[in-house]
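Please read the structure below before turning to the comments.
Bear in mind that the values in this text are calculations on the coordinates, not laboratory data. Keep in mind that what you see is a predicted model, and the values were worked out from it rather than measured. Methodologically, a virtual Cβ is constructed for each residue, glycine included, from the backbone with ideal geometry; neighbour enumeration extends over all protein chains shown.
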Amino acid sequence: MTHDPLPPVRLSVVLEAGCRTIEQHIDDYLARRGGPTVAARRLGEAVAALREHIYVQEELVFPLLREAGMEGPVHAMSLDHYQLWETLDRLDADLATPGTPDVRTAARILQAELDRHTSTERPVILAHVEDTLTERQQATLLNQLSHAHTPPGWTCADPSEPGQL
């Protein structure tokens, strides 16, 4: 009995899966799926996962895409990441006081910002990752993604500030 080799894991699929999980966790919170405790935990997981997603893209993926000539699209996504990071900071502050209406409002704002961001990121960045990066770069990134964690104290830089990026 022979086994067909597994198809290679695509970088865009891995990055997309992270986006979908984050979106699902926010949806779970807003729909209060699983009850208030589970829903609140899901929102906390979404916040942490989105911070890590932003870190991975800003520090690992985007530098390679910039080198490959995608400066404009990457800059636009970095501006979105900075805005999302600020929203995450506000949401973290609201989460410190569970049950406040500010948490639901902030979660809705985050959901809207994330929907807008991913509707651009998917066709502009994710759809071109495999075409733009070499197979070696993709393999290296996939390996890095499996071990990447946002370092304590890391924050998303404002790409509109001189000297950033």
Handout entry: Where a residue in the range 35-47 is without any contact (Cβ under 8 Å) to a residue 24 or more places away in the chain and its partner, wherever it lies, is of a type in the set (Lys, Arg), with Cβ under 9 Å and at least six apart
Key = VAL38/ARG32; ALA39/ARG32; ALA39/ARG33; ARG42/ARG33
Fill in the blank from the handout: Going through (1) touching a residue at least 12 places away in the same chain (Cβ under 8 Å); (2) farther than 20 Å from VAL38 by Cβ one by one, GLY72 fails only at (1)
Handout entry: Residues satisfying the stated conditions in the range 100-132, i.e. under 14 Å from TYR29 (Cβ atoms) and not in a helix (DSSP H, G or I)
Key = THR100
Practice task
For TYR55, work out the one condition from (1) touching a helix residue (DSSP H, G or I) at 6+ places or on another chain (Cβ under 7 Å); (2) in contact (Cβ under 8 Å) with a residue 40 or more places away in the chain; (3) not acidic (Asp, Glu) it doesn't fulfil.
Solution key: (1)
Completion exercise
Within the range 21-40, residues being more than 17 Å from the chain's Cα centre (by Cα) and of a type in the set (Asp, Glu) number 1
Exercise for the section: Please find, within the range 100-110, the residue that is farthest from MET77 (Cα to Cα) out of those that are touching a residue at least 12 places away in the same chain (Cβ under 8 Å) and surrounded by fewer than 17 Cβ atoms within 10 Å (Cβ to Cβ). Expected result: ARG104
Practice task
Might you check whether a residue that is closer than 23 Å to SER160 by Cα and under 18 Å from the mean Cα position of the chain (by Cα) occurs anywhere in the range 127-138?
Solution key: no
Handout entry: Where ALA148 falls short, out of the listed (1) more than 22 Å from ILE26 (Cβ to Cβ); (2) outside any helix (DSSP H, G or I); (3) under 16 Å from the mean Cα position of the chain (by Cα)
Key = (1)
Completion exercise
Among THR134, THR120, THR140, the single one that is among the polar types (S, T, N, Q) and touching a helix residue (DSSP H, G or I) at 6+ places or on another chain (Cβ under 8 Å) is THR120
Exercise for the section: Hey, can you tell me all the residues within the range 67-101 that are over 23 Å from ARG122 (Cβ atoms) and among the charged types (D, E, K, R)? Expected result: ASP89, ARG90, ASP92, ASP94
Exercise for the section: Report yes if ALA127 is touching a residue at least 60 places away in the same chain (Cβ under 8 Å) and under 22 Å from GLU16 (Cβ atoms), otherwise no. Expected result: yes
Practice task
Give the residue, chosen from ARG116, ARG136, ARG122, that is basic (Lys, Arg) and either free of Cβ contacts under 8 Å to residues at least 24 places away in the same chain or exposed (fewer than 13 other Cβ atoms within 10 Å of the Cβ) (or both).
Solution key: ARG136
Exercise for the section: State whether the residues of the range 72-89 include one that is within 18 Å of VAL14 (Cβ to Cβ) and of a type in the set (Phe, Trp, Tyr). Expected result: no
